[in-house]
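The structure appears below as structure tokens.
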């Protein structure tokens, strides 16, 4: 199972129908929607539904059931501002899935637009400080022959940090 299908599984498990893809890039996540409404938002993508900054979302409070933030927070000097905005636009019970490259991935440091990569712990802290409760977090494993797998399912590889491709946190707005 690929990462897009995995994230859709999380949203569907929590019955998320209105989803914001914050930093949508090519807006590919939307292609996998079934009965869900997805708004793709990006700061500078021609394929986005809305052009806007994730640090100042142009939506009313409680507009969404889910927010996906895939490889965006590492570009921000103050990612907590965006996480608090996600909290604001989510309805009670809403789900945030945030994914960032880890410090062990070469591309995390080679991209001149990256401010900082994240670990599971740093994403968990951002979510907590943004008002969310933690549901799950894990590392995706990337690399030749691996595809994308959860590293906690591969405990024998957990001592090899260079395989930790990206950190994922799944959290929920309680009220």
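Hey, what angle do you get for helix 79-89 against the long axis of the chain, alpha-carbon based, 0 to 90 degrees rounded to 10? Around 40 degrees separate the two axes. Note on the chain: with a GNM built from Cα contacts shorter than 10 Å, the maximum mean-square fluctuation among 93, 62, 23 falls on 62.
Using only the alpha-carbon atoms, how far is helix 3-13 inclined from the longest principal axis of the chain? Give it as 0 to 90 degrees, nearest 10. The two axes meet at around 50 degrees. Taking the C-alpha atoms only, the angle from helix 120-129 to the longest principal axis of the chain is near 30 degrees. With contacts taken as Cα pairs under 8 Å at a separation of at least 6 residues, the chain carries a relative contact order of 20 percent. Of 109, 8, the sequence from fewest to most neighbouring Cβ atoms within 10 angstrom is 109, 8. Take every DSSP beta bridge whose two residues both sit in the chain; close to 55 percent of them are antiparallel. Listed by Cβ neighbour count within 10 Å, with the fewest neighbours leading, 113, 138 appear as 113, 138. Using just its DSSP H runs of length 4 or more, each adding -39500 (n - 2.57), the chain gives a mean residue ellipticity at 222 nm of -6000 deg cm²/dmol after division by all residues.
Return the single residue from 19, 106, 50 with maximal mean-square fluctuation; model: Gaussian network over the chain, springs between Cα atoms under 10 Å. So, out of 19, 106, 50, the one fluctuating most is 106. Taking other C-beta atoms within 10 angstrom as a stand-in for reagent exposure, 137, 166 fall in the order 137, 166, fewest first. Expressed as a whole number of Å, what is the distance separating the alpha-carbon centroids of region 1-16 and region 47-123? What the calculation gives is 17 Å, centre to centre.
We did not get these values from a lab; they are worked out from the coordinates using the rules stated. This structure is a prediction, so every number in the text was calculated from the model and none was measured. Please note: Cβ atoms are built from the backbone with ideal geometry, for glycine as well, and neighbour counts cover all protein chains shown.
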